[in-house]
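Enquirer: Dropping the structure in here first, questions after.
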Amino acid sequence: MAIAQTPPATSGVVVKEMAWDPITRIVGSLGIHTEIDFTNRKVNKCYSTSMIFRGFDIFMKGIDPRDTHFITSRICGICGDNHCTVSCLNQNMAYGVKPPKLGDYAFNLAESADYMFDHAIFNDCMCNVDFCEQMVKETNPSVLAKAENTSAPHGDIHGYKTIADIMRALNPFTGSFYLETLGVARYTREMYCLFGGRHTHPSTIMPGGCSADITHQTMTDYYVRLMRYMDYIKRTVPMHDDLYDFFYEAMPGYEQVGYRDTDIICWGAFDDPEYVDYNYTTMTDWGRRRFITPGLVFKGELITTDLVEINLAMRILLGHSYFEDWDQAETFVTQDPLGNPVDKRHPWNKQTIPKPQKRDFNDKYSWVAAPRMYDKRNDIYVATDTGGGPFARNWCTAKAGLVDLGYLKATGHSIQMVLPKSLNMPEMELEWKIPPWSNAIERDRARTYHQPISALIGLHCLEKALVEVRAGRTKSWNSFKVPDDAISCGFHEAARGVISHHMVIRDGKVANYQPYPPTPWNGNPRDKFGTPGPYEDAVQNTPIFEENGPDNFKGIDIMRAVRSFDPCLPCGVHMYTGKGRVKKVQHTPTGMC
Amino acid sequence: MASIEFAPRQHETEQITAHVIWLTSGLGCDGDSVAMTSAVNPSLEDIITGAIPGMPKVVAHTPVLAYENGAEFMQAWYDAEAGKLDPFVLIVEGSIPNEKINGEGHWAGMGVNPSNGQPITTNEWIDRLAPKSAATVALGTCATYGGIPAMKNNPTGAMGLCDYLGWGWTSAAGLPVVNIPGCPAQPDNTTESLTVLVMALAGITPVPELDEQHRLTMHFSRTVHEGCNRAAFYEHGNFATEYGSDHRCLVKLGCKGPVVKCNVPIRGWQSGVGGCPNVGGICMACTMPGFPDKYMPFMEEDSKAKLSSTTAKFTYGPVLRYFRNTSIKTIGDKEPEWRHPRAELTSGFTPTW
């Protein structure tokens, strides 16, 4: 296959295999292997691979169902609390228990703090390092020169005069905004700990409610930090807008970086304690009452906001993963509690049969399975992504137009926000509008707008929780019994996108437990139909804007495409062949090979 | 003025560069690294920007925050292997799979072997780097004892680092594996241990004392119960009957605190905020070698603990509670009788006017 030869100096098309394995500034083990056409400045092929296997659903068989939130929290070191939370929602359904309102609000307050933390640290200490002065200087010096001479449109709000000043503020460990954000990422986690006990593996998030001792002091401690955060995001959002808009302007065509069809999913988050009863048969209604609306979107069309319909469309395919099919294994669930048929490839029936083997990009190359959404209208399996979380959350919520908290309102095409006056900043209005594309810049921009959205949901829940505490209703947990047999599911959002847990209980023990966090949806390999996973798809659509040639190529455009999904594979991407291996030299532009 | 030193041999020790190779690709979740970013005593930026007098310059190669990607990032790994980074501390996060049981496959890897295009396993990285390290740290319960990936019925044969390397193993500087358990490790425990280790390698402080489980005694000599603000309720035989607003001792609801070595109730989770039983969460023994299997189901009282908690509840507990309550009511909550607004002084002082 590979023909290693020196390319002719001028006329040849240079195609090189390049890999980043591990990719840093994410959580977990992810490798991105590509074939890049440097002559035509595009990516021919991309493979996403994860090299870690632990087998949670295997060793969870037979355990007490009440242990599942403690165990599944340990799946991820940054979404651990999201796993814990969705496991508790799942268990609430299985046990038929509804926490007191204060318990539900505590869940929302903890999770909104988690998003405030996670989006802050990922934006400005990980993802935006790809947009910092040091990086842009190394990859696109002409862009940096332009940034030095471009004044920041919102400079009067955030205090940075030029775009290059913003970039300097994002330099790791020296930039003022980078350092400030490290601090913000601490006090927002303190907010989490007020209700969750610990971050990222909580101690007080339980089935039946929250076991933290919630008092007036808890509320005060949260309120003070929340208002400090309001102050921070009033500068953050306009600053990011300036930075991202500049990239579109400085590099025409940049909207193609990380582009893919708007095939996105959101499971919704923040149940309204006034309505939720955790019952499957009423899930359609209480799902739509969530402060972040669930949604399934194919090709930019909102197909449904019904969690039952969403649940039934889930499929787990294998294809190029190191697993054997479970088609011969037992079927646990043939119909859901409403009588709808449940597919053999649905998470309720999924079984994990690992088969470790050599990595072969033509065959099996990843420990990630390939989840897909079944499009029954066209009988196809769609590789949907989470948009890194906020892109899909904002999109579905905006489009559905169901949420109205007064200071946070979905309009059908946008989300309008009003942020209260805070220490150094006056009241501020913001609006996130559904963008025309799903690409790297818009995923990143959606994340920064999700910071105020999360803060306002936190504020709403705090006010409601204060009503409970002031009235002396401080009970935050209700007791329950584990049934002998049950099937249940939990739907929630990790910071970086959809997270679901499906459980089958038999004889009071776990018979099957299937967690599906966001990264299997985004970082999966080609499925059995050959459909690439979203990272692969987005990278294959990415043109190369980097000014470096193959010899000192950093792959910055690819890094931006991948990081826009906020990967968390408890995996990474490093360049393993250094200067790349020459794959093919030909005199006509090459297609996929 | 330039000759003033704020720490012994400061000018000398600050010239030393200590590298930290942070291997997160064990079977884990990176939770110890993520939690570490919330540490404040000291913070990561305190360590790497030289904010502590006498502290050697620390260069941390951590995938969670690294500027570099790919080969640029991996260079430090190869340099450490080649002896070019001296001294370096190897931090291992995640449990160690058994790669002898999976044919030609891999359970955990990072980077690619140029000779065959296959991933380089985490175990191979440990084999390459640990013998050259000045100190090797197992960070988090997965790396120390195996933790959750090493649960009963696990498919990967996962184990802790000391089980992999051998409990008698020592580093190039003669140190045994330093274990910092916790799921995840408490953030300040991580950064403080790292600081102390680097200071010790520079000869500024003694090598920290370890217990028989290779834990730093400065963090792990006391039990959760011995640091818990709810412990007095146990003494009174007064136990919580439900989670949440009931602020009494959680032992009967599953808290394993009396037999778990951990300083979280003393230190809080981060910046003194949060924790486990001190804020209402049961201790699930996440710092212990037998975690999780020995402590499941977490939400049930340990059968062995029942005897002592029942004894406290039905014997001395109510007696202590009665006498202490009575004492508070009759003595503690009463003001001395000489504090009054009457037109006389009864404090015992004899007026001289």
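Enquirer: Out of all the residues in segment B:158-191, which are over 23 Å from A:F53 (Cα atoms) and part of a strand (DSSP E or B)?
Expert: Correct list: B:V178, B:N179, B:I180.
Enquirer: Among the numbered criteria (1) outside any helix (DSSP H, G or I); (2) surrounded by fewer than 24 Cβ atoms within 10 Å (Cβ to Cβ); (3) at pLDDT 95 or above, which one does A:L423 miss?
Expert: (3)
Enquirer: Let me ask another. Can you give me the number of residues within segment A:145-202 that are within 14 Å of chain B (Cβ to nearest Cβ) and not in a helix (DSSP H, G or I)?
Expert: 12
Enquirer: Separate question: If I filter segment A:46-89 down to residues being within 15 Å of B:L27 (Cα to Cα) and without any contact (Cβ under 8 Å) to a residue 24 or more places away in the chain, which single residue comes out as farthest from the chain's Cα centre (by Cα)?
Expert: Residue satisfying both the conditions and the ranking: A:F59.
Enquirer: So how many residues does segment A:30-76 have that are under 20 Å from A:Y322 (Cβ atoms), of a type in the set (S, T, Y) and within 11 Å of chain B (Cβ to nearest Cβ)?
Expert: Looking only at that region, the number is 2.
Enquirer: What pairs come up if the first residue lies in segment A:462-478 and is without any contact (Cβ under 8 Å) to a residue 24 or more places away in the chain, the second is part of a loop (DSSP other than H, G, I, E, B), and their beta carbons are under 9 Å apart, counting only those six or more places apart or on different chains?
Expert: Listed pairs, sorted by first residue: A:V467/A:R473.
Enquirer: Which members of segment A:203-222 meet the condition of being of a type outside the set (A, V, I, L, M) and more than 10 Å from chain B (Cβ to nearest Cβ)? Steps first, please.
Expert: Initial filter on segment A:203-222 (of a type outside the set (A, V, I, L, M)): A:203-204, A:207-211, A:213, A:215-218, A:220-222.
Those that are of a type outside the set (A, V, I, L, M) and more than 10 Å from chain B (Cβ to nearest Cβ): A:H216, A:Q217, A:T220, A:Y222.
Enquirer: Here's a follow-up. Within segment A:255-279, which residues are closer than 13 Å to A:W437 by Cβ and part of a loop (DSSP other than H, G, I, E, B)?
Expert: Of all residues in segment A:255-279, those closer than 13 Å to A:W437 by Cβ come to A:255-264.
Selection gives A:V257, A:G258, A:Y259, A:D261, A:T262, A:D263.
Enquirer: Could I ask something else about it? Only one of B:K294, B:K256, B:K306, B:K252 is within 14 Å of chain A (Cβ to nearest Cβ), closer than 30 Å to A:K61 by Cα, free of Cβ contacts under 8 Å to residues at least 24 places away in the same chain and of a type outside the set (F, W, Y); which? Steps first, answer last, please.
Expert: Numbers: B:K256 fails: free of Cβ contacts under 8 Å to residues at least 24 places away in the same chain; B:K306 fails: within 14 Å of chain A (Cβ to nearest Cβ); B:K252 fails: free of Cβ contacts under 8 Å to residues at least 24 places away in the same chain.
None of the other options fit; the residue is B:K294.
Enquirer: Here is a further query. Considering every residue within segment B:58-75, establish whether at least one is of a type in the set (D, E), surrounded by fewer than 19 Cβ atoms within 10 Å (Cβ to Cβ) and modelled with pLDDT of 90 or more.
Expert: First, the residues of segment B:58-75 that are of a type in the set (D, E): B:68, B:72.
With the extra rule that they be surrounded by fewer than 19 Cβ atoms within 10 Å (Cβ to Cβ), the set shrinks to B:68, B:72.
Next, only the ones that are modelled with pLDDT of 90 or more stay: none.
No, segment B:58-75 has no match at all.
Enquirer: Still on this structure, I have one more. So which residues in segment A:111-131 are among the aliphatic types (A, V, I, L, M) and either facing chain B (nearest Cβ under 9 Å) or closer than 25 Å to A:D64 by Cα (or both), if there are any at all? Outline the logic, then answer.
Expert: Taking segment A:111-131 as the starting set, the residues that turn out to be among the aliphatic types (A, V, I, L, M) are A:113, A:116, A:120-121, A:126, A:129.
Hits for segment A:111-131 are A:I121, A:M126, A:V129.
Enquirer: From the list B:I101, B:I126, exactly one residue is farther than 17 Å from B:S171 by Cβ, more than 8 Å from every other protein chain (Cβ to nearest Cβ) and either among the β-branched types (V, I, T) or touching an Asp or Glu at 6+ places or on another chain (Cβ under 6 Å) (or both). Which is it? Don't jump to the end; show me each part of the working.
Expert: On the way: B:I126 fails: farther than 17 Å from B:S171 by Cβ.
Going through B:I101, B:I126 in turn, the sole match is B:I101.
Enquirer: What pairs come up if the first residue lies in segment B:168-191 and is without any contact (Cβ under 8 Å) to a residue 40 or more places away in the chain, the second is part of a strand (DSSP E or B) and of a type outside the set (G, A, S), and their beta carbons are under 7 Å apart, counting only those six or more places apart or on different chains?
Expert: Cβ pairs passing all conditions: B:P176/B:L210.
Enquirer: Shifting gears a bit: Spot the failing condition for A:V136; the list is (1) more than 9 Å from chain B (Cβ to nearest Cβ); (2) under 26 Å from the mean Cα position of the chain (by Cα); (3) touching a residue at least 60 places away in the same chain (Cβ under 8 Å), and only one is missed.
Expert: The single condition A:V136 does not satisfy is (3).
Enquirer: Pairs please, first residue from segment A:178-206 and touching a residue at least 12 places away in the same chain (Cβ under 8 Å), second anywhere and surrounded by fewer than 24 Cβ atoms within 10 Å (Cβ to Cβ) and in a loop (DSSP other than H, G, I, E, B), Cβ atoms under 6 Å, 6+ apart in sequence or on different chains.
Expert: These pairs meet every condition: A:Y178/A:P172; A:E190/B:S271.
Enquirer: Could you check how many residues of segment A:120-169 are under 27 Å from A:V27 (Cβ atoms), among the aliphatic types (A, V, I, L, M) and touching a Leu at 6+ places or on another chain (Cβ under 8 Å)?
Expert: 6
Enquirer: Among (1) within 13 Å of chain A (Cβ to nearest Cβ); (2) small (G, A, S); (3) surrounded by fewer than 24 Cβ atoms within 10 Å (Cβ to Cβ), which single condition is B:G83 missing?
Expert: Condition (1) is where B:G83 drops out.
Enquirer: Let me ask something else about it. Go over the candidates B:T190, B:T205 one by one and state the one that is hydroxyl-bearing (S, T, Y), at negative phi and touching a strand residue (DSSP E or B) at 6+ places or on another chain (Cβ under 7 Å). I'd like the intermediate steps shown before the answer.
Expert: Numbers: B:T205 fails: touching a strand residue (DSSP E or B) at 6+ places or on another chain (Cβ under 7 Å).
Sole residue among the options that is hydroxyl-bearing (S, T, Y), at negative phi and touching a strand residue (DSSP E or B) at 6+ places or on another chain (Cβ under 7 Å): B:T190.
Enquirer: So B:M110 fits all but one of (1) within 13 Å of chain A (Cβ to nearest Cβ); (2) at positive phi; (3) modelled with pLDDT under 95; what number is the exception?
Expert: (2)
Enquirer: Looking at B:K84, is it under 30 Å from B:N154 (Cα atoms), in the same structural domain as B:L197 (by TED's automatic domain parsing) and basic (K, R)?
Expert: Working: under 30 Å from B:N154 (Cα atoms): no; in the same structural domain as B:L197 (by TED's automatic domain parsing): yes; basic (K, R): yes.
For B:K84, the condition - under 30 Å from B:N154 (Cα atoms), in the same structural domain as B:L197 (by TED's automatic domain parsing) and basic (K, R) - is not met.
The values are calculated or read from the model by the stated rules, or taken from the named source; none is laboratory data. Since the model is a prediction, treat every value here as computed from it, not as a measurement. Cβ: placed from backbone, ideal geometry, glycine included. Neighbour counts: every protein chain shown.
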